[in-house]
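First the structure, in the form of structure tokens, and then the observations on it.
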Amino acid sequence: MKQNLSDSEEICTFCRKTFSSTGTEEWTDAYGNSFMIDKPDIKYALADTSLGEICICDECYKSQEFTGFLPADICEIHYQFGLGFLQASEDEQALKALNSALNYGSSTDLFLALTRAHSRLGHHAESKMFQQLASGKS
Ligand SMILES: [Zn+2]
């Protein structure tokens, strides 16, 4: 059965590059639930911003030109890429993206992602600290 194009194709909001699905892969969210998602040929992230839902590719993310976005939007973009890097087991990159997100805002989800990134990198003290922040204890 042929898939609907709008379901299998995304376009980068910034450079208009299109991504195609190369199949599906298993994702695990911050709460440990796993589900299947489309596996794109290029790394990208979707973020809900004040300007609507945007799609941003890896290259545009690296150029970091998020003009016109609110701090909360930039936080979300970094957070979404952090999750993507965690999924790809690029833990150093994930930590960098999540720390960037932390410069623009914070949320329980962000703290949970930071807990995972630090724990994978063997940073036990930091991992514990973010776990406590995530659970609302200080
Ligand atoms: Zn792009």
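Bear in mind these aren't lab numbers, they're just calculated from the coordinates by the rules spelled out. Small disclaimer: the values here were computed from a predicted structure and weren't measured. Here the Cβ is made from the backbone with ideal geometry for all residues, glycine too, and neighbour counts use every protein chain on show.
Key figures for this structure:
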{"read-out": "Computed log₁₀ I(q)/I(0) - Debye formula, equal Cα scatterers, no solvent, segment 1-117, q 0.18 Å⁻¹", "value": "-0.96"}
{"read-out": "The chain, helix-only ellipticity at 222 nm - DSSP H runs n ≥ 4, -39,500 (n - 2.57), divided by all residues, nearest 500", "value": "-13500 deg cm²/dmol"}
{"read-out": "Total lysine pairs whose alpha carbons fall under 17 Å of each other in the chain (8 or more apart, or interchain)", "value": "8"}
{"read-out": "Mean separation of Cα contacts under 8 Å (6+ apart) over length of the chain, as relative contact order %", "value": "15"}
{"read-out": "Sites Ile42 and Thr108, calculated FRET efficiency, Cβ-Cβ separation with R0 35 Å, nearest 0.05", "value": "0.75"}
{"read-out": "Net charge, Asp73 excluded, C-beta distance under 14 Å - Lys, Arg +1, Asp, Glu -1", "value": "-4"}
